[in-house]
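To keep things clear, I will list the structure first and then write my remarks on it.
Readers should treat all values here as calculations from the given coordinates under stated rules, not as data from a laboratory. Everything numeric in this text was worked out from a predicted model, so none of it was measured. Glycine also receives a Cβ, built like all others from the backbone with ideal geometry; neighbour counts cover every protein chain displayed.
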Amino acid sequence: MSLEVVEEAVEPESVGPVPVVAVVGRPNVGKSTLVNRIIGRRQAVVEDVPGVTRDRVPYDAQWNGRRFTVVDTGGWEPDARDRAAAIANQAEIAVQTADVVVFVVDVTVGATDVDEAAVRMLRRSHKPVILVANKADNQNLELEAVSLWQLGLGEPHPISALHGRGSGDLLDDILSALPSPPPIIEDGPRGPRRVALVGRPNVGKSSLLNRVSKEERAVVDSVAGTTVDPVDSLVEMDGELWQFVDTAGLRKRVNQASGTEYYASLRTAGAVEAAEVAVVLLDAGEVISEQDQRVLSQVVEAGRALVIAFNKWDLVDADRRFYLDKEIDRELKRIPWAVRVNISAKTGRAVDKLAPALRRALESWEQRVPTGALNQWLTALTQATPHPVRGGRAPRILFATQAGVAPPRFVLFTTGPLDAGYLRFIERKLREEFGFEGSPIELSVKPRK
Ligand code: GDP
Ligand code: GDP
């Protein structure tokens, strides 16, 4: 078993919040050393950045195939003044936002008055606490750990953060102390990407499917090692196999006009649900309609990656182009992040742009921002543009983690609820910084209890 940093893993993971583990204790007891041991040294870069303090710095970690966040804190000193007092306060905030607290004591020193004061603070928090007796580098010191029972926090865990002694058992215990099991990191081979081809009747869905099937070699009906629903189509595009979901109707060219719009939208919902990425076809020759908007909303609300294909581009002249640009600005302003391609299923124009567009959207959909980088960026952003003051107070964002991918989901730990406008501002800036072209992203706020 190895400890590994989760940096840019792109595997889909089971849904569930990433739990937070806070490491607190007096200065010099070995908190940083322990955090580095938990995350593997590769990631611990934040300390080296001038102006970024170590207070409440979160890192991504994994153990036994489970993902969690570990928060390093500066030293806790209850009676300290000024900067040290601020650090103590930071540690308390970290405790409040944590699911489990790891309280570190230096076994070569034993429990001090400061440790006792910290214990009182921890009691008040009502959080599960794991007591660590650090610097137990040898068996004699391990025995010393017994004296820490007096702190009343249960069994002390003797470890040597420096040498790694006991750290595996400690991680097992941290994970089992969590209120709910952390998300599993799944990997393994995956099948072809699943694509939904959607849009209102007559935008050219069947034509496009026929075009890509014809142009990019024949449709494969069965491929070794994959199971494809008979209503799906496997198509090779740009050297890769893609699974177009729920295309039976498109292939048979059923009379779509006969179905009510209600059934059309159910059908769209089913295809979108089954897909990872949706291509929404719009008729470039016509005005973007309400029905088009509904299809777009279905994709965004389902949290799927999105490519907008303006089809029938062969019909677009300079005049239409002018009005279309204006329409796009007006009608698509809530989804400026969608990947767009201008194609003609009829002539084959730019159909080769489809596969790269799908890849780009899917890459964003599974993009993971390392917690360190995320928080460095967020700290700078919120310092430059804090939340507006409401009733004399302004909620603060304590830190953030990316709780999941596909689509990317972020959780902001805050001192109170945030304005919707401020949240939109953060999303816009997040996209400016980290991209996410072609993917919806979700931001949720977790005010500290
Ligand atoms: P923090 O202030 O609590 O974050 O403490 P640090 O992680 O910076 O460690 C303080 C000092 O203790 C450093 O010199 C570490 O090398 C040392 N240290 C940390 N863990 C151990 C350990 O398990 N054994 C020994 N002997 N020294 C340790
Ligand atoms: P679906 O209902 O979305 O599957 O649309 P179809 O593929 O059946 O296309 C509807 C009509 O639009 C047919 O008459 C197609 O020939 C025509 N069509 C599809 N793609 C294009 C295109 O790129 N350019 C032009 N001019 N006509 C197209």
Legend entry - Whole-angstrom gap from region 346-422 to region 300-339, using each part's C-alpha centre: 23
Legend entry - Whole-number Å³ per residue for the convex hull built on Cα positions in region 95-147: 76
Inset, instruction - Report the dimensions of region 302-349 along its three principal axes from the alpha-carbon atoms, largest first, rounded to Å. - result: 32, 24, 12
Inset, instruction - Obtain the nm distance between the two label points defined at LYS429 and ALA248 by a simple spin-label model: each point lies 7 Å from its Cα along the Cα-to-C-beta direction. - result: 5.0
Legend entry - Convex hull volume of region 288-376 per residue (C-alpha atoms, cubic angstrom): 129
Legend entry - Taking the C-alpha atoms of region 136-206, convex hull volume expressed per residue in Å³: 183
Legend entry - Label-point separation in nm, ALA117 to PHE322, each point 7 Å along Cα→Cβ: 7.4
Inset, instruction - Apply the Karplus parameterisation 6.51 cos²θ - 1.76 cosθ + 1.60, with θ equal to phi minus 60°, to every residue of region 194-207 and state each ³J(HN,Hα) to the nearest whole Hz, in sequence, with x for glycine and proline. - result: 9, 10, 9, 9, 10, x, 5, x, 6, 7, x, 5, 5, 4
Inset, instruction - Please go through the residue pairs LYS333/LYS446; LYS205/LYS333; LYS205/LYS353; LYS205/LYS312 and name each one whose alpha carbons sit more than 21 Å apart in this structure. - result: LYS333/LYS446; LYS205/LYS333
Legend entry - Using θ = phi - 60° and Karplus 6.51 cos²θ - 1.76 cosθ + 1.60, couplings along region 322-327 (whole Hz; Gly, Pro as x): 4, 6, 4, 4, 5, 4
Legend entry - Label-point gap, in nm, between GLU290 and ALA420 - each point 7 angstrom along Cα→Cβ: 2.1
Legend entry - Ranked packing of 372-381, 173-182, most packed first, by mean Cβ within 10 Å: 372-381, 173-182
Inset, instruction - Give the Rg (one decimal place) followed by the Dmax (whole number) of region 303-449, computed from C-alpha coordinates and expressed in Å. - result: 18.9, 62
Inset, instruction - Highest first, please rank the peptides 428-439, 312-323 by the mean number of other Cβ atoms sitting within 10 Å of their residues. - result: 428-439, 312-323
Inset, instruction - Give the share of C-alpha pairs in each 10 angstrom bin for region 379-425, from 0 to the last occupied bin, in whole percents, shortest bins first. - result: 23, 55, 19, 3
Legend entry - Sorted by Cβ neighbour density within 10 Å, fewest at the top, the residues SER344, SER233, SER265: SER265, SER344, SER233
